[in-house]
1. Put a dot 7 Å past each Cα toward the Cβ at ALA265 and ASN627; how far apart are the dots in nm?
2. Would you list VAL481, VAL591 from fewest to most Cβ contacts within 10 Å?
3. Thinking of the chain as a set of Cα atoms, what percent of all their pairs are more than 33 Å apart?
4. Placing +1 on the Cβ of each Lys and Arg and -1 on the Cβ of each Asp and Glu in the chain, which of TYR537, ALA244, TYR557 has its Cα farthest towards the positive end of the resulting dipole?
5. Arrange the peptides 57-65, 271-279 so that the one whose residues have, on average, the most other Cβ atoms within 10 Å appears first.
6. Antiparallel DSSP bridges in segment 62-281: what percent, to the nearest 5?
7. For every other residue with a beta carbon closer than 13 angstrom to the beta carbon of SER565, add +1 if it is Lys or Arg and -1 if Asp or Glu, then tell me the sum.
8. Express as a percent, rounded to the nearest 5, the fraction of DSSP beta bridges in the chain (both residues included) that run antiparallel.
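Bear in mind that the values in this text are calculations on the coordinates, not laboratory data. On a predicted model such as this, the values are computed, not experimentally measured, just so you know. Here the Cβ positions follow ideal geometry from the backbone for every residue, glycine too, while neighbour counts run over all protein chains shown.
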Amino acid sequence: MPAPVSPTAVPRARSGRRARAVRIGTVVTSTALVASALLATPAVAAPPRAVDPFNPDFGPHVTIYSPDTPVAEIQADLDALHAQQVDAEMSTARQAVYFLPGQYGSTADPLQVKVGYYTEVAGLGASPEDVTVHGAVEVYNRCLADGGTGNCLALVNFWRTISNLSIDIDKAGQDGCRASAEFWAVSQAVSMRRLDISGGNLSLMDYCTAGPQYASGGFIADSRLPYVINGSQQQWLIRNSEVAGWSNAVWNQVFSGVVGAPDDAGFPDPPYTTIDETPLSREKPYLYVDDEGRYNVRVPAAQRDTSGISWGAGETAGRSIPITDFYIATPSDSVKDINNALARGRLLILTPGIYDVAQSIEVKRANTVVLGLGHATLTAVNGAVPLEVKDAEGIVVAGVTIDAGETLSPVLLRVGAADSDKVLDPADPITLSDVYFRVGGPHIGKTTTALEVNADDVLIDHTWVWRGDHGVEGFDPADGVNGDNERWATNTGTNGVIVNGDDVTATGLFVEHFQTYNTLWNGENGRVILYQNELPYDPPTQADWTQPDGTLGYPGYKVGDHVKSHELDGAGVYVFNQNNPSIITANGFEVPETPGVRLHHIMTVNLSAGTVQHVVNGVGGQADSTNIGTPQFVVDYPTP
């Protein structure tokens, strides 16, 4: 781990920009912080609810502020929400906080927001410049020991979202260290989108709480940023953005379509991967309020070969959909009601909460949008497939988390029928944005495959596919069974991601801890920009982690033997076999030997236990206990 940069050793950012005034319509005021509602399943399908375009009912777990709400009231509410959510890693609480267009906080009285688990914070302007927070919106290290004062780190700061805001950094009243930057110390399943940050530095690590410590990855898109201190982040993807400067890296930092990105000619020192233009992108849909006060959802268009932000010269290209076209679901709605609404052509908003899904939610119609608010979570019941997306162009699923249940599901999200040969429009791909998967953690989970992509022309824009390596699954510590052994047999996930479709693109693919293939890519013309993987921690024996043909272990990334064309930029496979440090994995990556399959800037690393003998196909150094924390790099495979 490189030494962190001193906060005084980096240049200050440009001065902030002010949001323009926007006329505000009807204001929703709900400041209650309520736990998730109990679930019920109506026996009869209800007719679609009418939606008030000026005052849509998003339920009790969405709070919407207006600029005339006193800053002290907002600060007190959000401090209470953070106190509720800061240690709620395995809880059922889900929350969304939205700001109507205008200014929040001031130099004399800055608004300083801290974001906890399962919390979304976003502006409701058509542009990020329409909502300005004078202050900060932050995540700090979480302290797990000694009453919240020890073992402080960011490695488990998961599941939170911030978007569509301008942040004019003002740390008045904070101590010298805290005043040095806007802190965003996070790991997986955390996204920053459509931000305009100015007035100071952005730090992706918290160097104020018990030192910098490690953080384990993140994602930024469509944002204009000041000088960024990456510091102790192990991996990161920043896509289609502008950055005033960037310092530090640990193992795997990827820039795609970023104006101001650092040069990567020295790879692996530093370990930067820079792609001038993103080959395929589509920004995530977002709520906004128009000049008349009506709520809408903006659905950005897909773009090819682009760089920089989508909103710098005006409105983001795409289409606006009135909120009245949506079925606004709550966790008490039955899947039957949701599917009936979708079949009638309604689009779908999932308000924050836990949805028990005993039969598939089916998205069949072209250009359907499914938008989750506040990390809305679908949990499989009785072995169901929670979400089925059919072969139809333009479908967008965004902001949804999908959990395995206690009965084995064949798959958690299936995109396209397994036997379909339908040709879709490549200009309007099916898109998954900030769609996360979890097998275990808060409860026992079982699935054969988490994400299965059968359709062609699909874009995956940021996903974390996680078989839990820790949690509160109900294992009995007194039964005499090793906890990791019990997890291996009970908390089961065979495959993380299987891609069978052709022309599938992934920007920000994070997949961890599955029991055979974390990622198996069978389709042609696959394109992946940043891949992060940790192999499973818990194989009990080498026999449990050996392929049927005798190969030791499963690669963290496998391209099918028949594939002729595939490209991967910026990838890491990590090993931490804490349950049995003698476990061996032959290769971090395994790909067919053909000129059309190309890997660029890949690595393996030992985190403290286990061995990966080679980076790819017998090439590259061994990551083992003699070189803990030292990556084994391969710059290009095959070698040019």
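1. For the pair ASN627/ALA265, the computed spacing is 2.6 nm.
2. In order of increasing Cβ crowding within 10 Å: VAL481, VAL591.
3. Values: 84504 of 204480 pairs.
For the chain, the fraction of Cα-Cα distances above 33 Å is 41 percent.
4. ALA244
5. On the way: 57-65: 21.4, 271-279: 19.3.
My ranking of the peptides, most packed first, is 57-65, 271-279.
6. Details: 3 of 64 bridges.
Taking every DSSP beta bridge with both residues in segment 62-281, the antiparallel ones total about 5 percent.
7. Working: positive: ARG527, LYS564, ARG598; negative: ASP502, ASP503, GLU524, GLU567.
Net local charge, SER565 excluded: -1.
8. 15 percent
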